[in-house]
1. Quick one: Karplus J couplings for region 174-185, per residue in order, coefficients 6.51, -1.76, 1.60, θ = phi - 60°, nearest Hz, x for Gly and Pro?
2. If the chain between Arg136 and Thr46 were fully stretched, how many nm would it gain, using 0.36 nm times the residue separation less the Cα-Cα distance?
3. Give me, ordered by chain and number, the residues 5 or more places off Thr34 or on other chains with an amide H under 5 Å from its own placed amide H.
4. Given the Cα-Cα distance of His143 and Arg101 and 0.36 nm per residue of separation, how much length would full extension add, in nm?
5. Output ³J(HN,Hα) for region 59-74: one whole-Hz value per residue in order, computed from phi by the Karplus curve 6.51 cos²θ - 1.76 cosθ + 1.60 with θ = phi - 60°, and x for Gly and Pro.
6. Can you tell me how much longer the chain between Thr186 and Ser171 gets when fully stretched, taken as 0.36 nm per residue apart minus their C-alpha distance, in nm with one decimal?
7. At q = 0.17, 0.18, 0.23, 0.29 Å⁻¹, what is the base-10 log of I(q)/I(0) for region 140-194 according to the Debye formula with one equal point scatterer per Cα and no solvent? Please give it to two decimals.
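Just so it is clear, none of the values below were taken in a lab; they were calculated from the coordinates. In this text, all values refer to a predicted model and were calculated from it rather than measured experimentally.
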Amino acid sequence: MASGDHYFSSAPESELKLRPFTVRLAGQTYELTTANGIFSPERIDTGTRVLLDHVPAASPGGQLLDLGCGWGPLALTLALESPHATVWAVDVNTRALDVVRRNAQKLGLTNVNTSLPEDVPDDVLFTTIWSNPPIRVGKNELHNLLQKWLPRLEPGSDAWLVVQRNLGSDSLHRWIQTTFPDLHTTRAATSKGYRVLRARSSAGGDPAADLNAADDVNGAAVGD
């Protein structure tokens, strides 16, 4: 990236340079497009891969959110695996959103909405949230981000977050538990130096029962 460019910049200053790359998503290999000035532009980063390896299949329908989408590995996976759902790929980086649009078009996906955070309609609630959140924006900005989006889970729905252990995953876990008493947050997996956190919205009955009833979903085993 050029000096001053960050993946969380709203409009990278560096000259746009598009290039092809090969990646495996949803069990298939695809030739997609990437660009400079976005997060992990040439591969699926380790944290996102850990999340994809441990998160259960998303709802086949409803509104699904990839928060901090980058070039779109999570959003595109959601769209490929849940073709009848509406997938929201949300990022502050307009270049990242452009790359997601290009990749969705290349894959023939018509169920992906790319959006700046402020452009998502306020009445949209999410059946699933997947996110490798931008930890490096700082604690206050990260907390503001989660305070905006976690309350938009539908009742009985889950947010799945992946956070590097040495960048504060356990303190973030505690903060979510304290800040959102209606969400029940657990450590779903640990792998390759990352934690996968699961925050479940109460379905309206006994919150603990809601969480236990959902524990038979696939793939969320806790590692060492």
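1. So the J values, rounded to whole Hz, are 5, 5, 4, 4, 6, 7, 10, x, 8, 9, 10, 9.
2. Numbers: separation 90, 0.36 × 90 = 32.40 nm, distance 1.56 nm.
Result: 30.8 nm gained on full extension.
3. Those lying under 5 Å, H to H, from Thr34 are Arg19, Phe21.
4. Numbers: separation 42, 0.36 × 42 = 15.12 nm, distance 2.76 nm.
Net length gain for the segment: 12.4 nm.
5. The phi angles translate into 4, x, x, x, 9, 10, 10, 9, 9, x, 6, x, 7, x, x, 6 Hz.
6. Working: separation 15, 0.36 × 15 = 5.40 nm, distance 1.25 nm.
Computed gain between Thr186 and Ser171 is 4.1 nm.
7. -0.55, -0.62, -1.00, -1.41
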